[in-house]
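Written out below as structure tokens is the structure these notes cover.
The values are calculated or read from the model by the stated rules, or taken from the named source; none is laboratory data. Everything quoted here is computed from the prediction, not taken from an experiment. Cβ: placed from backbone, ideal geometry, glycine included. Neighbour counts: every protein chain shown.
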Amino acid sequence: MARKDLQEARVRLYEKKDRTRWVLLLSAVLMVLFLFVGVLNLIGSVNTSLRPTDAPVLRFFTFVVIALAGFAGPYGFYVARKQKNIKQIERRLPEFLRDVAEAGRFGMTLAEAIVVASSGRYGKLTPEIKKMAAQISWGVPAAEALRLFSQRVDTPMVNRVVSIIVKSSDAGGDVADVLTMVSHDAKELQLTEDERKISMSTYIAVIYISFLVFLVTIWILNVTFLPKIRETSASLAESGGLGGESPLAEDVEGTILSIQLAFFVAAAVHALGDGILAGVLDNGKVANGLRHSFIMLIIGLLVFQLV
């Protein structure tokens, strides 16, 4: 019993720790913190905007955008980095399966073949193979070590490959032939995925270009349309025509503020939605689009604050 407990403790030691919850919590804390600062700016308690002359409502929405970026940035880039590591693991998986199959043809069992293959170099996949080899050396069955590997990586391709290998091993068939077949299948799947990614990158570029065009359009309206509103209001006030009936003549600065606020909110919504769409086009996951949303939110914020 003590030996079994020690074996389970070693297996747990080699389990991959998932920091997704902690990163998500950090992102949520940053969002709440910036929203709180925005509320303080709205009620006039503090003035921490990049442009102190802005109206309180504009300072508030500035920190709303910063809060959205504070949530999307850490979580989005963490998810993107995690998925990149998984892709690098999957990239070397066919090579590992082929080496295990070659070792199996020399009469080795699946467990022995995995241990022998662990001495090879497979990039990001190497630490995972060494974990499997260590677990097998502690007495963990090869099927269980493969299952733990699939849980750590947890992608459809790895889960499917491991499931096929485990079922073939349990059935007592020629595992080497199965490994070779699965290796070829995984390689073909990766080539198809690369082709899809190349085609989707064009649409992602179009999304970024359309967002930049939208910002340029807002900038043109800001430097041409809004000054004309001030000129028209001044002309109405001097001539007295419709001076008492036109809201434009009575509160031109309020009208301009409402227009600027509408531009600002539209740009923020555009950035958040386009970023999520880019992530969905990239790999079908919303979380992967948060990094694109972060980039667009920062670009939009800088344009409004500096340009």
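Figures for the structure shown
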| read-out | value |
| --- | --- |
| Count of the range 159-183 residues which are over 14 Å from Val100 (Cβ atoms) and assigned to a helix (DSSP H, G or I) | 6 |
| Count of the range 271-293 residues which are surrounded by 20 or more Cβ atoms within 10 Å (Cβ to Cβ) and under 17 Å from Phe61 (Cβ atoms) | 3 |
| Flag if Val178 is surrounded by 19 or more Cβ atoms within 10 Å (Cβ to Cβ) and more than 33 Å from the chain's Cα centre (by Cα) | yes |
| Output for the range 120-152, where each listed residue is part of a helix (DSSP H, G or I) and among the hydroxyl-bearing types (Ser, Thr, Tyr) | Thr126, Ser137, Ser150 |
| Matching entry among Arg21, Arg91, Arg10, Arg81 (being part of a helix (DSSP H, G or I), at pLDDT 85 or above and surrounded by 14 or more Cβ atoms within 10 Å (Cβ to Cβ)) | Arg91 |
